[in-house]
Amino acid sequence: MIKVGVLCPYSSIYPNLHNDFTDSLRLALPKDYLMEYQFHFEYVASGSEYHVRQALEKLLHFERVDLITGFCNYKILDVLIDMIGKFDAIAMMADLGEIAPSKELLSDKVFFNSFSLWQTQYALGVWAHAEFENRGKGIICMSDYDAGYHINSSFTNGMGFHKATEIDLSIVPQSRAPRELMIDYFHEFVRMFKKEQPAFVHAIFAGQEAVDFMGVYHESGLAKEVPLLVTSHMGSDEILDKIRGGGLEFYNATVWNSGMQNKENLAFVQLFSSTFGGVPNIINLLGFEIGMALRETHHAVKSKNWVQLNQLLKNSSLRTPRGEKLFGWGDQNNKQVTIERVVGSNATFNRFDIQKLPLVSMNNTAMQKTVEENVSGYIHPYLCI
C-alpha cells in the first residue's frame, strides 16, 4: 500500500480545495493503481510553519506515509525539506506560484507543481512595457495581502527587463477590510484613475475583492478609457463566472484555462466533466497533474526507488493539460505564457490569444534578487485566507 499524506489548508476562496485537489489527483490514476493508494488528510489551517510542522510530524512519524502532497508556501520549504530528509519519503507539492523559488531550497526529494503566477506576471510585465511604453506611467493597484507575495514585483521585474520607466503603486490602506469598505476604496481608486488617466491599471486582488474591483471598474466605464490588466487568478473562469461580463475588457497572462484547445486539455476537461460535472478549476488542474506524475512513476513510488523517481520527474516530460510539463525547476525553454485579451459579452467572456512569451527561468537575475531581498511577507499559500 502506498501511503499519501495531504496537507490541506483552509481557503475561503476555494472552500472545497482539498476535495478538488484529491478528487482530481485520483481521476488521473488508473483504477488498478488507485486501489494501492491510501490517503491521509491533515488540516494545516492557513498553512503557517507551526501547523505544517505539526501535520508533517503526524504524517511522517505516526502514519508513516511514503509521499507528501498538498499545498505549501515556499517560505517554509526549509521545514518540509528538513523533515522529508529524515524519512524514507518524498514530496510532490502544489502551489499557485505566488513566490519565486530560491536556489538554496532545492531538493532531490521535494518536487513542485506550480501554476506559475510569478512567471505569468513577469511575462505580463514584458508585454505591458512593449504595448504601453509610449503612453506614460502605469499603476499597480492591490491590497496589502497581495503585496505580501512576489506577484507585483514579478510584474515590475518584467517591465524592468526593458528598462521601463517608474510605475506607480496604489495599495488599499487597511488590512483585510470589510467588503463594504473595500468597495468604497475601489470607488476612490477608480475616481483617481479617471482623473490621472494612467497608461494602464494592473489590478492584483484575490477572491471576492477581485470580483468587486472588476465590477466597480466596469460600472465606472473606465475600462473603455484605461486598459485593465489582471492576474491569472482574476482572469480565471471561477472569478469571471461571478461577474456580469457585458462590456468589460481586460488583459491577462496565463499558462492554462479550461478552454484551451490542445488535445491533452480537451481530454482532461471531457473526463472531468463526465465524472464530476462542470468545468475544472486551477486546483483541479494541479491535482490532476500530480496524479499524472504518480501514474507515470507508479512502479518507482511503489518500490520506493527514489533515485529512479527523481530521474523520471526531473528528466522526463509529461503531456499534461498545459502541454509539456516538467516537475521541478529545470529546463523550461519550451514552455510559454499566453497573453490574452478577454472581452465580456452579456453573460459570457471570450478569450483571444494575442501573444506567446517564454516562461522566465528561476535563475533570472532580477527574480533571484527579489527572492533574496524579500524576507518578509505572508507564509501561507496564496488564496488560503
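The values are calculated or read from the model by the stated rules, or taken from the named source; none is laboratory data. Model, not experiment: these values are computed from the prediction. Cβ: placed from backbone, ideal geometry, glycine included. Neighbour counts: every protein chain shown.
Only a single criterion out of (1) among the β-branched types (V, I, T); (2) crowded, with 19+ Cβ neighbours inside 10 Å; (3) farther than 19 Å from V4 by Cβ is not satisfied by V279, namely (2). One residue alone among G5, G70, G97 is among the small types (G, A, S) and either more than 27 Å from S154 (Cα to Cα) or assigned to a helix (DSSP H, G or I) (or both), and that residue is G5. Scanning the stretch 171-186 for residues that are part of a helix (DSSP H, G or I) and either loosely packed, with under 14 Cβ neighbours inside 10 Å or in contact with a Leu (Cβ under 8 Å, 6 or more places away or on another chain) (or both) gives R179, E180, L181, D184. Among the candidates N152, N134, N157, the residue that is assigned by TED's automatic domain parsing to the domain that holds I339, in a loop (DSSP other than H, G, I, E, B) and either buried (at least 24 other Cβ atoms within 10 Å of the Cβ) or of a type in the set (S, T, N, Q) (or both) is uniquely N134. Against the conditions (1) within 21 Å of the chain's Cα centre (by Cα); (2) buried (at least 20 other Cβ atoms within 10 Å of the Cβ); (3) not β-branched (V, I, T), Q261 satisfies every one except (2). Out of the residues in the stretch 175-221 that are within 24 Å of the chain's Cα centre (by Cα) and among the polar types (S, T, N, Q), state the one that is nearest to L124 (Cα to Cα). Ranking the candidates gives Q208 first. Kindly establish whether T297 is touching a residue at least 12 places away in the same chain (Cβ under 8 Å), within 30 Å of K109 (Cα to Cα), buried (at least 21 other Cβ atoms within 10 Å of the Cβ) and within 20 Å of the chain's Cα centre (by Cα). Considered against the rule, which asks whether it is touching a residue at least 12 places away in the same chain (Cβ under 8 Å), within 30 Å of K109 (Cα to Cα), buried (at least 21 other Cβ atoms within 10 Å of the Cβ) and within 20 Å of the chain's Cα centre (by Cα), T297 comes out as no. For the stretch 109-131, taking the residues that are β-branched (V, I, T) and under 24 Å from I290 (Cβ atoms), the one that is surrounded by the fewest Cβ atoms within 10 Å (Cβ to Cβ) is identified as V110.
Any chance the stretch 200-211 includes a residue that's surrounded by fewer than 19 Cβ atoms within 10 Å (Cβ to Cβ) and either outside the structural domain of H150 (by TED's automatic domain parsing) or of a type in the set (G, A, S) (or both)? So far as the stretch 200-211 goes, no, none of its residues is surrounded by fewer than 19 Cβ atoms within 10 Å (Cβ to Cβ) and either outside the structural domain of H150 (by TED's automatic domain parsing) or of a type in the set (G, A, S) (or both). For the stretch 11-25, the set of residues classified as in contact with a Gly (Cβ under 7 Å, 6 or more places away or on another chain) and either surrounded by fewer than 18 Cβ atoms within 10 Å (Cβ to Cβ) or aliphatic (A, V, I, L, M) (or both) consists of S12, I13, L25, listed by residue number. Test G235 against the criterion of being in the same structural domain as A210 (by TED's automatic domain parsing), crowded, with 19+ Cβ neighbours inside 10 Å and over 13 Å from S24 (Cα atoms), and give yes or no. Against the criterion (in the same structural domain as A210 (by TED's automatic domain parsing), crowded, with 19+ Cβ neighbours inside 10 Å and over 13 Å from S24 (Cα atoms)), G235 qualifies. Restricting attention to the stretch 73-94, and to residues there that are touching a Phe, Trp or Tyr at 6+ places or on another chain (Cβ under 9 Å) and not in a helix (DSSP H, G or I), which single residue is surrounded by the most Cβ atoms within 10 Å (Cβ to Cβ)? Taking the candidates together, the pick is N73. In the stretch 31-48, the qualifying residues are those that are more than 29 Å from I379 (Cβ to Cβ) and touching a strand residue (DSSP E or B) at 6+ places or on another chain (Cβ under 6 Å), and the one that is surrounded by the most Cβ atoms within 10 Å (Cβ to Cβ) is Y37.
Let's see how each residue does on (1) hydrophobic (A, V, I, L, M, F, W, C); (2) closer than 28 Å to T22 by Cβ; (3) not in a loop (DSSP other than H, G, I, E, B):
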position: A210; (1), (2), (3): yes, yes, yes
position: F213; (1), (2), (3): yes, no, yes
position: S232; (1), (2), (3): no, yes, no
position: I239; (1), (2), (3): yes, yes, yes
position: F268; (1), (2), (3): yes, yes, yes
position: S274; (1), (2), (3): no, yes, yes
position: G278; (1), (2), (3): no, yes, no
position: F288; (1), (2), (3): yes, yes, yes
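Going by the structure shown, is L67 modelled with pLDDT of 95 or more, in contact with a helix residue (DSSP H, G or I) (Cβ under 8 Å, 6 or more places away or on another chain), under 27 Å from E296 (Cα atoms) and surrounded by 16 or more Cβ atoms within 10 Å (Cβ to Cβ)? It is true that L67 is modelled with pLDDT of 95 or more, in contact with a helix residue (DSSP H, G or I) (Cβ under 8 Å, 6 or more places away or on another chain), under 27 Å from E296 (Cα atoms) and surrounded by 16 or more Cβ atoms within 10 Å (Cβ to Cβ).
Here is the figure for the stretch 17-38: residues that are free of Cβ contacts under 8 Å to residues at least 60 places away in the same chain and either in a loop (DSSP other than H, G, I, E, B) or in contact with a Pro (Cβ under 9 Å, 6 or more places away or on another chain) (or both) total 2.
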